[in-house]
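The values are calculated or read from the model by the stated rules, or taken from the named source; none is laboratory data. Every value quoted in this text rests on a predicted model; they were computed, and no experiment measured them. Here the Cβ positions follow ideal geometry from the backbone for every residue, glycine too, while neighbour counts run over all protein chains shown.
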Amino acid sequence: MKPRDPARTVSLRAAQTADRIAIGELLAANRLPVAEAGGAPIRFWVAELAGQVIGTIALESYADQGLLRSLCVDARVRGQGIGQALVETVETEAASAGIVRLVLLTETAERFFTDLGYDAVDRATVAGALRASPLFATLCPASAVCLGKTLHFHHAEPSP
Ligand SMILES: CC(C)(COP(=O)(O)OP(=O)(O)OC[C@H]1O[C@@H](n2cnc3c(N)ncnc32)[C@H](O)[C@@H]1OP(=O)(O)O)[C@@H](O)C(=O)NCCC(=O)NCCS
């Protein structure tokens, strides 16, 4: 995949309470479920351009397994590496929080994720608590593909 540097114009940051409406609007505009996390810890990140939220992604944590969800980039700024940068942010944050494997469901972006190293997962092998999450219950197996990726945490090398 071609390297890109969206950081020149787009900033990625942890979402704040004030972002909630913008995140909800972005998800709704892209017909993504705004389902609750069912009690599991959930964190959102946003991509911001000129003070506007133009992308979002979330991570639901189930012990050492994570559910990557709610990835969405405003249609006007797609194809610039923002989606990829959001996924990389979640992978880094998840790994540093002790999550060893990410799982996701998608009806629209299978190829996007397989390009980023995600492989097909048999839902039956997904940890019970994650499989019982509202998102898994909402999206029917017939239409959504389940993908997963094992994370490798890289420790920073000490400086010489
Ligand atoms: C999927 C999505 C987040 C990608 O965002 P983006 O900012 O356009 O992604 P990037 O620019 O980082 O794309 C990286 C690569 O994936 C490709 N790609 C992007 N969206 C894709 C999709 N839906 N299917 C297949 N490939 C896709 C791009 O062409 C690009 O390939 P390239 O580097 O070879 O040119 C965006 O298309 C979107 O919001 N879609 C609607 C919501 C959605 O489907 N979310 C996923 C739910 S799990």
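The number of residues in the range 64-82 being within 8 Å of the ligand (Cβ to nearest atom) and either of a type in the set (Gly, Ala, Ser) or not in a strand (DSSP E or B) (or both) comes to 9.
Kindly indicate whether any position in the range 17-39 is surrounded by fewer than 17 Cβ atoms within 10 Å (Cβ to Cβ) and part of a strand (DSSP E or B). No. Beta carbons closer than 6 Å, at least 6 apart along the sequence or on distinct chains, pair a first residue in the range 10-36 that is within 15 Å of residue 49 (Cβ to Cβ) with a second that is polar (S, T, N, Q) for 12/89; 23/56; 26/56. Scan the range 92-138 for residues that are of a type in the set (D, E, K, R) and away from the ligand (no atom under 16 Å from the Cβ) and the total you get is 4. When the range 21-63 is filtered for residues that are more than 14 Å from the ligand (Cβ to nearest atom), among the charged types (D, E, K, R) and modelled with pLDDT under 95, only 36 remains.
Is it true that residue 87 is among the aliphatic types (A, V, I, L, M), part of a helix (DSSP H, G or I) and within 17 Å of residue 146 (Cβ to Cβ)? Judged against the criteria, residue 87 is a match. Of everything in the range 110-129 that is buried (at least 18 other Cβ atoms within 10 Å of the Cβ) and within 15 Å of the chain's Cα centre (by Cα), the residue that is nearest to residue 71 (Cα to Cα) is 113. In the range 94-120, the residues that are charged (D, E, K, R) form Cβ pairs under 8 Å with partners that are outside any strand (DSSP E or B), at six or more places apart or across chains, as follows: 101/64; 101/151; 107/139; 107/143; 107/144; 115/1. Taking every residue in the range 126-138 that is modelled with pLDDT of 90 or more and pairing it with any residue that is β-branched (Val, Ile, Thr) and surrounded by 15 or more Cβ atoms within 10 Å (Cβ to Cβ), at least 6 positions away or on another chain, the pairs with Cβ-Cβ distances below 6 Å are 126/103.
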